[in-house]
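Working notes, structure below.
Here, each number is a calculation from the coordinates, and none is a lab measurement. Model, not experiment: these values are computed from the prediction. For neighbour counting, all protein chains shown are included, and Cβ atoms are generated from backbone atoms with ideal geometry for every residue, glycine included.
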Amino acid sequence: MAKTIFTSLSPNTQEDDYKLARKLLFKSNQFEDGADIEELRKWFSEKMKVDHVTLYESARTGLFFLLKELGIGGGDEVIVQAFTCVASVNPIKWTGAKPRYVDIDTGTFNIDINDLQNKINSKTKAILVQHTFGYPAEIDKILEFAKSNDLYVIEDCAHTIGGEYQGKILGSFGDGAIFSLGRDKGISASFGGVVVVKRKLLGQKLIGQERFLSFPAKSWVRRQLAYTVTSYLTRKYYNSFVIGKLIHQSSFGLKFVNRSTELVEKVKGSFPTHAKCRIPSALARVALNQLQKLDKLNSVRVEFSKYYQHNLRRIPGTRLPKWHLYKRIYPLRFPLLVERRDEFVKFMDSNGVLVGDWYDVPVAPKEVNLLSASYQLGSCPNAEAACQRVVNLPLNVNMSENGVKRVAELTRVFFEERR
Ligand SMILES: Cc1ncc(COP(=O)(O)O)c(C=O)c1O
């Protein structure tokens with residue numbers, strides 16, 4: 001059987017990242033403060049052309065501090081799209097504010113501008129704009145809307161680093177932006193988050209505050225490095241008897257690694273144990289190693305996306321995203337709306353392709369308590385409909401050209417020949 005293709009499990013981790021993480025795992029002196037942190041800050045500062053960059057152990061922590069420094073708190077509301085991840089919703093709650101959900105355009109999985117008007121009121125203070133799957137939201141129209149309603153705009157760039165909208169880099173449009181260095185993101189250090197802002201005073205406040213944050217527990221940092229190691233080994237040995245699966249299960253079972261979202265975040269919307277910390281040097285080092293390869297990673301993913309777009313046209317029972325892959329639009333995963341999803345997922349699985357599930361519920365992952373996330377079922381019908389039908393085809397940079405062809409061919413076979 002051909003090698004299993006993964007959509008998830010840190011798909012962009014390669015042998016050099018694995019070796020680096022393995023080395024760092026045994027060098028406990030590199031866990032905290034180090035030159036890598038400043039180097040990572042400089043990288044984002046130059047890429048984003050801003051003076052103020054702050055670095056955290058996760059983007060959710062970064063978003064929390066950014067919202068707080070914008071003065072958002074109890075009694076306020078922040079607009080966020082449905083079809084999102086609880087890690088971008090909880091920080092709103094942590095400030096004391098309430099998330100208010102806006103529906104999506106099912107062609108792009110981004111904010112539906114028409115629904116914005118329905119969702120704002122006198123308590124609304126900001127719009128969190130997600131560039132879902134790395135495809136840019138209509139940020140120019142959102143900015144215009146925000147300006148006329150006196151609202152802050154924060155870009156959620158968790159799914160993109162380096163992508164552009166109308167020739168301008170994503171993350172440079174609003175009052176601030178967050179980037180994630182987490183698992184399954186454009187580059188991955190297993191965990192890590194970045195905030196960039198343009199305004200001097202806001203930037204100075206964030207930088208001043210970052211200095212006083214502590215580093216996460218060493219045991220937690222070790223688990224993140226271990227994740228880079230075990231996810232790589234799991235993928236490498238997945239088809240060697242049971243070795244890969246055993247590595248995966250035992251690494252979680254024996255708690256060498258942890259889940260990316262803790263149970264308290266999903267069920268109660270509370271802070272995870274690692275929250276409100278700075279990025280440790282070891283994770284900054286892993287991120288920097290991946291950033292060197294960013295252009296290559298982005299260009300491979302865009303080529304694979306174009307392949308799917310071209311080769312999956314007009315397949316009955318499926319709908320392609322309405323994406324225009326202009327220059328410098330870099331998808332992270334390829335969403336496809338399908339009929340008979342469960343059957344399709346099983347079929348792909350049995351043929352060695354593990355498709356992704358972003359997002360099969362309006363606030364993912366599945367265990368999230370929607371009540372605690374303040375999501376009311378029925379409030380965003382387009383998002384809810386998309387959640388019922390979406391699958392993510394892999395844009396795994398470790399997949400060969402034959403791999404992408406296999407994924408497309410299997411999709412075609414399922415919908416055309418097994419009707
Ligand atoms: C859309 C979106 N926003 C924000 C986040 C938060 O990122 P992090 O995991 O670095 O806290 C995530 C990832 O979990 C995400 O998918």
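Observations on the structure shown:
- For segment 1-40 versus segment 290-360, the gap between their alpha-carbon centres in whole angstrom: 24 Å
- For the pair residue 141 and residue 241, a Förster radius of 60 Å applied to the C-beta separation gives a FRET efficiency near 0.65, rounded to the nearest 0.05.
- Residue-by-residue Karplus 3J(HN,Hα) for segment 105-111, coefficients 6.51, -1.76, 1.60, Hz, glycine and proline x: 8, 6, x, 10, 6, 10, 3
- Top positive-direction residue, dipole computed over segment 1-72 with Cβ charges, set 43, 65, 21: 21
- Distant-in-sequence amide H partners of residue 323 (H built 1.01 Å from N, under 5 Å): none
- Note: relative contact order over segment 46-171, using C-alpha pairs below 8 Å and six or more positions apart, is 21 percent.
- Formal net charge of residues neighbouring residue 18 (Cβ-Cβ distance under 13 Å; K, R +1; D, E -1): +2
- Other residues lying with their Cβ under 11 Å from the Cβ of residue 105 contribute a combined charge of -3, Lys and Arg counting +1, Asp and Glu -1.
- Cα gyration tensor shape for segment 372-419, rounded if a/c is under 1.5, else prolate or oblate: oblate
- Filtered chymotrypsin sites (Phe, Trp or Tyr not before Pro), segment 323-419: DSSP coil and at most 12 other beta carbons within 10 Å: 326
- As a size descriptor, the averaged projected area of the C-alpha convex hull of segment 192-339 was calculated at 13.5 nm².
- D by Stokes-Einstein for segment 294-417, Kirkwood Rh over Cα pairs, 37 °C, 0.692 mPa s: 212 µm²/s.
- A simple count of charges around residue 139, restricted to other residues whose Cβ falls under 15 Å of its Cβ and scoring Lys, Arg +1 and Asp, Glu -1, yields -4.
- Summary value for segment 294-417: 36 percent relative contact order, contacts being C-alpha pairs under 8 angstrom separated by 6+ residues.
- Semi-axes of the equivalent ellipsoid for the chain, Cα gyration tensor, largest first, Å: 30, 28, 20
- Taking amide H atoms as placed 1.01 Å from N in the peptide plane, the amide H of residue 395 lies under 5 Å from those of 334, each 5 or more residues away in sequence or on another chain.
- Peptide packing: for 245-258, 128-141, 148-161, the average count of neighbouring Cβ atoms within 10 Å per residue gives the ranking 128-141, 148-161, 245-258, highest mean first.
- The alpha carbon centroids of segment 141-170 and segment 240-288 are separated by 30 Å.
- Percent of beta bridges antiparallel (DSSP, the chain, rounded to nearest 5): 50 percent
- Residue order, fewest to most surrounding Cβ atoms within 10 angstrom, among 301, 389: 389, 301
- Cα gyration tensor, segment 22-211 - rounded (a/c under 1.5), prolate or oblate: prolate
- Sorted by Cβ density within 10 Å, fewest first, the residues 241, 6: 241, 6
- Relative contact order %, the chain, counting alpha carbon pairs below 8 Å whose residues are six or more apart: 25 percent
- Calculated [θ] (222 nm, deg cm²/dmol) that DSSP helices of n ≥ 4 give over the chain, each run adding -39,500 (n - 2.57): -12500 deg cm²/dmol
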